[in-house]
Amino acid sequence: MEQAQQNTNDDVQAVEKFYVKYDGTALDNHEIDVKQLAPALLAFSAMFDAVQEQVAPEARVKLNAKATEEGSFVVDLIVHIMQEGPAVLTGTTVTAILAVDGLSDIAMKAVRLFKSIIKHGKPKKVEEKPGADAFSEIDVELTDGTKIKATKTSLALVSDERFTQAVKDATAPALTDGIDSVELRNEHGSENVDSEEADGFAHYSTKEEDTTESSAEMVVQALDPSFRPNGKWRVTDGIKTQFVALEDEAFKKKVLDGKEVLRANDIYRVVMRVEKAFDEHNRLTARYVAIEKVLNHESVAEQPMLF
C-alpha cells in the first residue's frame, strides 16, 4: 500500500495496488468478454464497499481499473478517509487500521476463510483470546471438525450477504468454459480461486437453510476428461454446470483398472443425489451433490440416443 497522503482539508487518502488475473484457454487470444469483465469489476467494487463498511464506515472507497495483460487488470484501490470518528471494530483511527491491514489484505483474508467454509462447513465454534482485537487471529472450528485461524473481521464478512454475493459475482467468470481460475494479489501475497471453489461460492448461503435430499435418475455430460484432485467431476445436464462428487466405488475401480476410459463430453446415465432448498426470495433451488451410481456410459459419438 502506498503511503497515506494528507489533503488540505485534513482528510487522508491512501492508495493500494490490487491485482486481478483470470486464467484459462479462453484468454489465449489476449481477450476477455466484456460481458464477463464488467460485472466482475462492479463486484470487486461492491466487495470493497462491504469491507469498508465493516471496518471503516467513515472512509470512502474508489476503484480505478487498468488492463495490464490478457485477462489481467490492476486496480488502484483509493481509500479516502474522513477524520470524523473512530473505526467501529477497534476504537482506533482508520489510518491506524490501514497501517496494520490494508483493505485488500482484509478482503483477501475473508476470501481465504470463505474458501475454507465451502470445503469444510460453516464455523461451529469460535475461541476468542482475551484482549484480541478485530484483526488478531482467533481459533475457529468448522462443521466437519477442521480447525483454522481467522480474524473476527473475516468472520463478520463471510456472514455479510453483500460481501459473499460480491465474491460470487467477482469469481463467476471462472465458471465459464475456458476460464479456470481467478487470482487476487497485492504487495503482501495472493489468493487463487479455481472453478470448483467458484462453484462452491455460487451455491453458498449466509442464511441457515432447511434442505432436503433425494435421488433422481438423469442424463449428464462430463465436461472434463478426468476427476479433479479431490475427486469432484464437472458435469452438465444441458441447463446448468456443476461440480459433483462421485460415490460409485465400483465405477471408480473400473476407471483405475482401465476398464472404463473417461473422455470429455461423454454421456452418462446416473443416479444423482439432489439437494433442494428455498432461497432468500422463497424460490425453490436445486443443487447436484453427488453421483451415487453410474448406470450407463456411452461416448457421445457412439450413442446420441440416451434421451
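The values are calculated or read from the model by the stated rules, or taken from the named source; none is laboratory data. Everything numeric here is computed off the predicted structure, so don't read it as measured data. Please note: Cβ atoms are built from the backbone with ideal geometry, for glycine as well, and neighbour counts cover all protein chains shown. Ligands, DNA and RNA are excluded from the accessible area calculation, which covers all protein heavy atoms including side chains. Shrake-Rupley method; radii C 1.70, N 1.55, O 1.52, S 1.80 Å.
Summary table below
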quantity: Flag for V220 being farther than 30 Å from F48 by Cβ, in contact with a Ser or Thr (Cβ under 7 Å, 6 or more places away or on another chain) and of a type outside the set (S, T, Y); calculated: yes
quantity: Test: S205 is out of contact with any Gly (no Cβ under 7 Å at 6 or more places or on another chain) and touching a residue at least 60 places away in the same chain (Cβ under 8 Å); calculated: yes
quantity: Residue within segment 207-220 that is closer than 26 Å to D177 by Cα and either assigned to a helix (DSSP H, G or I) or modelled with pLDDT under 90 (or both) present; calculated: no
quantity: Scope segment 179-202; condition without any contact (Cβ under 8 Å) to a residue 40 or more places away in the chain and among the hydrophobic types (A, V, I, L, M, F, W, C); matching residues; calculated: A198, A202
quantity: Verdict on I179 being more than 26 Å from W233 (Cα to Cα) and outside any helix (DSSP H, G or I); calculated: no
quantity: Subset tally (residues that are touching a helix residue (DSSP H, G or I) at 6+ places or on another chain (Cβ under 9 Å), within 23 Å of P57 (Cα to Cα) and in a loop (DSSP other than H, G, I, E, B)) for segment 140-171; calculated: 1
quantity: Answer residue from segment 190-203, given it is open to solvent by 30 Å² or more (accessible area, probe 1.4 Å) and not in a helix (DSSP H, G or I) and is nearest to V244 (Cα to Cα) among those; calculated: H203
quantity: Scan of segment 147-162 for residues that are among the hydroxyl-bearing types (S, T, Y) and in contact with a strand residue (DSSP E or B) (Cβ under 8 Å, 6 or more places away or on another chain), ordered by number; calculated: T151
quantity: Conditions (1) exposed (fewer than 14 other Cβ atoms within 10 Å of the Cβ); (2) modelled with pLDDT under 85; number of the one not met by A277; calculated: (1)
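Matching residues to (1) open to solvent by 60 Å² or more (accessible area, probe 1.4 Å); (2) under 25 Å from L42 (Cα atoms); (3) within 14 Å of the chain's Cα centre (by Cα); (4) at pLDDT 90 or above:
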{"residue": "T68", "(1), (2), (3), (4)": "yes, yes, no, no"}
{"residue": "V79", "(1), (2), (3), (4)": "no, yes, no, no"}
{"residue": "T90", "(1), (2), (3), (4)": "no, no, no, no"}
{"residue": "A132", "(1), (2), (3), (4)": "no, no, no, no"}
{"residue": "A166", "(1), (2), (3), (4)": "no, yes, yes, yes"}
